[in-house]
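Working notes for the structure below.
The values are calculated or read from the model by the stated rules, or taken from the named source; none is laboratory data. Nothing here was measured: the structure is a model prediction, and the numbers come from that model. Note: ideal-geometry Cβ built from the backbone for every residue, glycine included; neighbour counts use all protein chains shown. Heavy atoms of the whole protein, side chains included, go into the accessibility calculation; ligands, DNA and RNA do not. Shrake-Rupley method; radii C 1.70, N 1.55, O 1.52, S 1.80 Å.
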Amino acid sequence: MDVRCDHVLFARFGEDEYLIRDPTTLDRVDQLVKPIRTLGEQAREITASHGAARGDKLGRRELKDELRPIKARRRQLVLHVSGKIEALARAAVRRGRAQRLN
């Protein structure tokens, strides 16, 4: 049997490991991480726009200064959504929507 699954969530609770393929759970996780991905895209665009200037010390400092607020916001978002994603994963396990791996 060939099962193609390119969208999954891996969760570990203590020694227990699960693979979650539940579309409802995955859609909700996608909604939660979308702003984080958007910040990553912004950071990549800024980094690319600096191009050759990254090679000198001043250019690197300017790049870091420009990326600092994006990184800070990303950290805040990750901390904010981590617990929510864990709760979604635990709910999927309780509902029997997760495959136990061990």
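Confirm whether Arg60 is more than 15 Å from the chain's Cα centre (by Cα) and outside any loop (DSSP other than H, G, I, E, B). Spelling it out, Arg60 is indeed more than 15 Å from the chain's Cα centre (by Cα) and outside any loop (DSSP other than H, G, I, E, B). If you filter region 73-102 down to residues that are among the polar types (S, T, N, Q) and under 15 Å from Phe13 (Cβ atoms), you find that the one that is surrounded by the fewest Cβ atoms within 10 Å (Cβ to Cβ) is Asn102. Taken over region 25-39, the residue count meeting the criterion of being out of contact with any His (no Cβ under 8 Å at 6 or more places or on another chain) and free of Cβ contacts under 8 Å to residues at least 24 places away in the same chain is 6. Based on what the data block shows, is Gly59 small (Gly, Ala, Ser), closer than 30 Å to Ala91 by Cα and open to solvent by less than 40 Å² (accessible area, probe 1.4 Å)? Against the criterion (small (Gly, Ala, Ser), closer than 30 Å to Ala91 by Cα and open to solvent by less than 40 Å² (accessible area, probe 1.4 Å)), Gly59 does not qualify.
Residues that are of a type in the set (S, T, N, Q) and farther than 24 Å from Tyr18 by Cα were ranked within region 31-56; the one that is surrounded by the most Cβ atoms within 10 Å (Cβ to Cβ) is Gln42.
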